[in-house]
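Encoded as structure tokens, the structure appears first; notes follow it.
Read the figures in this text as sums done on the coordinates, not as results from a lab. Remember, it's a predicted structure, so these values are computed and weren't measured experimentally. Glycine gets a Cβ as well: all are built from the backbone with ideal geometry, and neighbour counts include every protein chain shown.
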Amino acid sequence: MVQISRADFEEAVNDALDSLPEEVAAEIARANVVILVEEEPEDREHGKELLGLYVGVPLDKRSTFQGYVEPDRILIFRGPLQRITRSREQLVRQIAVTVMHELGHLFGLSDARLHELGWG
């Protein structure tokens, strides 16, 4: 298990976002989505650690007739990510993978497709 400060963890999340191509980052900015760091998920998924969660309507399922809606949320869970890693480098890499995985859901990609792309 690796532990880093919340500030360092949030910085690793921001670094993952900063690594995105400009066009992708611009699309995310237009998507009405907020990316949050949470300590722990509310529920555990079938006894395994939940590392991140996308809550919202994927871009490919949205309608122009939806009107005002709250922002979609991407939650990155600090506790589980720290528990499953053994080094700071591994943690930073897993944070990036988790951020990309949840962003993939924003763009409508399935878990299976994300695993194929290496963002599982």
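DSSP assigns beta bridges within the chain; of those with both partners inside it, close to 45 percent run antiparallel.
To the nearest whole percent, what portion of all C-alpha pairs in the chain is separated by more than 22 angstrom?
Working: 2362 of 7140 pairs.
Within the chain, distances greater than 22 Å cover 33 percent of Cα pairs.
For the chain, with a Gaussian network of springs between Cα atoms less than 10 Å apart, report the residue from ASP43, ASP18, ASP60 with the top mean-square fluctuation. The residue with the greatest mean-square fluctuation here is ASP43. Charging the Cβ of each Asp and Glu at -1 and of each Lys and Arg at +1, and nothing else, the dipole of the chain about its Cα centre rounds to 240 debye.
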